[in-house]
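First up is the structure itself, then whatever we jot down about it.
The values are calculated or read from the model by the stated rules, or taken from the named source; none is laboratory data. Quick caveat, the model's predicted, so the values are computed rather than measured. Please note: Cβ atoms are built from the backbone with ideal geometry, for glycine as well, and neighbour counts cover all protein chains shown. These accessible areas exclude ligands, DNA and RNA; they are computed on the full protein's heavy atoms, side chains included. Shrake-Rupley method; radii C 1.70, N 1.55, O 1.52, S 1.80 Å.
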Amino acid sequence: MHGAGTKTDITKNNADARLLDLTRLISRVGRGPMTGVDRVEFAYLRHLLDASVPLYSLVRTTLGYAVLGPDGTRAIHDRLRGETPWGGPDIWARLRGRRASLRHAAEADVRRFSIGRARVGRLAGLIRRTVPKDAPYFNVGHSNLSDEVFGAITGVTNVLVHDVIPLDYPEYQRPETVKAFEAKLYKIGKRADRVIYNSQYSRDRAEAYFTSWGGAPDGIVAHLGIEDPVVGEHDIPTPRPYFVTLGTIEPRKNHVLLLDVWKEMAGAADLHIVGRRGWQNSAVFDRLDAGPEGVFEWGNLSDAEVGALIKGAAGFLFPSFVEGYGLPPAEAILLQTPVICTKLDVYREFLGNSPVYLDPNDSYSWLETIREMSVQSGRYEKQIGDVISLPTWETHFNQVLSLA
């Protein structure tokens, strides 16, 4: 067993209860559509709630820790899903002078539905009082990873590592985030009992760091499930063929290549850039603010609107320099939209030969392929059949829960 202490044997797989950390999802309430990591945490919440083993949840709020039982966890799920509205801020939020916001309403509901709360420094006693002994703990959002949490859990600790991009490619990060991520990954390597990896690529890269720090925890590769995207309606501004790219507008996503390509498109097709503006990308922001011909920027679309936009596109473009997994190309494939993406090992793992793979620095190849796809998209749609099956959440959880 990698973690220290008197925890149950890591090979035990007949848990009487499970404990899921929901700190990330609660912290992001009111901040727009779910990110990729948010969606993974929500998938765990949804699946574990529907399993036969009771699910408890742990949240660290601005006032300390809260544990919710199965009923309270279900109530939070319904609110995160939008089936039930959040309540208002409670007396604790008002006493601290906090303005009304969805985040504070979410934290107030966490306190209302909790079966126990504790201040920072007293989590171990809270876990003993409220959570069945030896319940395995799952943290897939990378929030709330601390010595106090690892020390308080009596069951096996399972942490999902999405990627190690901040360490492999620090040039794409805000300077202050690199050391913070390194500290978090180091903590996982030293304290987690088991690491869940979304791809073999992520495992190889993470374990290289773990090994350099003294040894890697037990690990398992379980590809994330690819779900059918929600498709609603979206009004397209022009009748021309169009392409879509999706993701935060930050240097790693390589939007500059697409803007260079569209300088040469001469109105033959449009480009729809979906995603919020990120960091260290002022040159790209300046170009977008200048209103390049045929380029449209969408910062806050719903999932249904994004699905509609991708479904009607001549192609989906993903020229990212590096990814730990990359859900958007897979979701585009499910919508029968041809995909052009970067030659990355992680895509080969689960997308096979379905996308068109191009060099992220070869703007000429991207230009020529996009031009051809804009007038012959049917030819590329046939390639989608090369993917026999994409990963499912059922397969993911069969792998993960067989060990927990």
message: Going by what's in this entry, would PHE285 be described as in a strand (DSSP E or B) and surrounded by fewer than 20 Cβ atoms within 10 Å (Cβ to Cβ)?
response: no
field: Residues (closer than 27 Å to GLU264 by Cβ and crowded, with 18+ Cβ neighbours inside 10 Å) located in the stretch 349-359
entry: SER354, PRO355, VAL356, LEU358
Looking only at the stretch 288-297, and only at residues there that are touching a Phe, Trp or Tyr at 6+ places or on another chain (Cβ under 8 Å) and open to solvent by less than 30 Å² (accessible area, probe 1.4 Å), the one that is nearest to ARG81 (Cα to Cα): VAL295
message: Of everything in the stretch 48-90, what is over 20 Å from ALA135 (Cα atoms), β-branched (Val, Ile, Thr) and free of Cβ contacts under 8 Å to residues at least 40 places away in the same chain? Give them in sequence order.
response: THR84
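With GLY326, GLY312 as the choices, which residue is at pLDDT below 95, small (Gly, Ala, Ser) and open to solvent by 40 Å² or more (accessible area, probe 1.4 Å)? Give the steps one after another, and end with the answer.
Details: GLY326 fails: open to solvent by 40 Å² or more (accessible area, probe 1.4 Å).
Every option except GLY312 fails the conditions.
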- prompt: ASN353 is checked against (1) within 26 Å of the chain's Cα centre (by Cα); (2) within 21 Å of THR238 (Cβ to Cβ) and fails just one. What number does that condition carry?
  reply: (2)
task: Kindly check whether there is at least one residue in the stretch 88-108 that is crowded, with 18+ Cβ neighbours inside 10 Å and either under 21 Å from ALA192 (Cβ atoms) or among the aromatic types (Phe, Trp, Tyr) (or both).
output: no
- prompt: Looking at the stretch 49-81, which of the residues that are surrounded by fewer than 23 Cβ atoms within 10 Å (Cβ to Cβ) and among the hydrophobic types (A, V, I, L, M, F, W, C) is nearest to GLU107 (Cα to Cα)?
  reply: LEU63
message: If ASP21 meets every condition in (1) modelled with pLDDT under 95; (2) surrounded by 14 or more Cβ atoms within 10 Å (Cβ to Cβ) apart from one, which number is that one?
response: (1)
- line: Residue hits (the stretch 150-193; farther than 22 Å from ASP345 by Cα, in contact (Cβ under 8 Å) with a residue 60 or more places away in the chain, in contact with a helix residue (DSSP H, G or I) (Cβ under 9 Å, 6 or more places away or on another chain) and not charged (D, E, K, R)) are PHE150, GLY151, ILE153, THR154, THR157, ASN158, ALA192
Long-range neighbours under 6 Å by Cβ, at least six apart or interchain, first residue over 26 Å from PRO89 (Cβ atoms) within the stretch 112-132, second among the small types (Gly, Ala, Ser) and in a helix (DSSP H, G or I): ALA124/ALA152; ILE127/ALA152
task: Please indicate, with yes or no, whether at least one residue in the stretch 298-307 is open to solvent by less than 10 Å² (accessible area, probe 1.4 Å), closer than 19 Å to THR248 by Cα and either part of a loop (DSSP other than H, G, I, E, B) or touching a residue at least 24 places away in the same chain (Cβ under 8 Å) (or both).
output: yes
- line: Turns out the helices (runs of 4 or more DSSP H) fully within the stretch 130-247 with at least 2 residues that are surrounded by fewer than 17 Cβ atoms within 10 Å (Cβ to Cβ) are 147-152, 175-191, 200-212
